[in-house]
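Notes follow once the structure below has been shown.
The values are calculated or read from the model by the stated rules, or taken from the named source; none is laboratory data. Worth saying up front: this structure is predicted, and the values here are computed from it rather than measured. No Cβ is skipped: glycine too gets one built from the backbone with ideal geometry, and neighbour counts run over all protein chains shown. Areas reflect the complete protein model, heavy atoms only, side chains present, ligands, DNA and RNA absent. Shrake-Rupley method; radii C 1.70, N 1.55, O 1.52, S 1.80 Å.
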Amino acid sequence: MAANNRRMSGKKGAQVGSGGQRRRGLEGKGPTPPAEMRKGHKKNRVAGAKAKQTVRRPAPRGRGGKSASELVVGRNPVVEALREGVPASTLYVQQFIDNDERVREALQLAAERGGINLMEAPRPELDRMTNGLNHQGLVLQVPPYEYAHPEDLAGAAYDDGQDPLIVALDGVTDPRNLGAVVRSVSAFGGHGVVVPERRAAGMTAGAWKTSAGTAARTPVARATNLTRALEGYKKAGIVVVGLAADGEAEVGELAALDGPVVIVVGSEGKGLSRLVSETCDHRVRIPMPGGAESLNAGVAAGIVLYEAARRRA
């Protein structure tokens, strides 16, 4: 009778041999992901819709003083860009991505910086967005760069009561060289860098990284025609100095570095183009006792900027 009462009581004892399921059920599942990353959340649905719209809508072409937006693709490049302070508008994260250290760091850096949208997108959407590149589930969108006008650089210097010290790049196509020049201009008190609109390096994520953050305070201007921009500087009373291996004088002999000056640096292989070279007021050379044929743009600009800063001190 006692046995029957136990069977009819409706009470269930603990299951035998649960295999630790109850213990695992009590374990934590880690930090709660942002709302944009939680499946079924309203913000997740909105983020997914925006991601699809971004992929389907072609990127706007640079017009006037803006470049086109850029994508940084892959886990290591995305983390490095976020570490170096490269401007970013959106971090796209693949749905159901393997959550390794780089993914966690990318999410943490984006959250700490603020102003970066987090959007979850399926892998096919990221594949189309990156044209099939190996994105590894992480894509960072860099917004268009706001270029200054060449006249703005000289105007800002005069407003501060200083003689303009500007570097113009002729035929430099490596963004890392542009970033290095921006860094040197910032270090030696220059007022900006001028680049041609075509066939020249622009302010890409690579240039931002090489500038080591100085691009945030050193303007880069884009000229539709570099020769005309240099002629405009000359009309404004600014001396245009071109660096050339066969220059008539050495950098240390040029008195013009004391006043308003634009230093024009050509590519490592071809140097200054003919029209730009003819536009320069002076062509100077950097003495190289070691016998090297040429220097890259970043090193050459740094040497002349140091000499100009030394004289102005």
| Every residue from region 177-210 that is in contact (Cβ under 8 Å) with a residue 60 or more places away in the chain, over 14 Å from G302 (Cβ atoms) and of a type outside the set (G, A, S) | V194, M203, T204, W208, K209
| note | Those residues of region 76-97 which are open to solvent by less than 40 Å² (accessible area, probe 1.4 Å), modelled with pLDDT of 90 or more and over 16 Å from the mean Cα position of the chain (by Cα) amount to Y92, V93, Q94
| Neighbours by Cβ (under 7 Å, 6+ apart or cross-chain): first from region 218-235, under 13 Å from P260 (Cα atoms) and aromatic (F, W, Y); second in a helix (DSSP H, G or I) and open to solvent by less than 30 Å² (accessible area, probe 1.4 Å) | Y233/A154
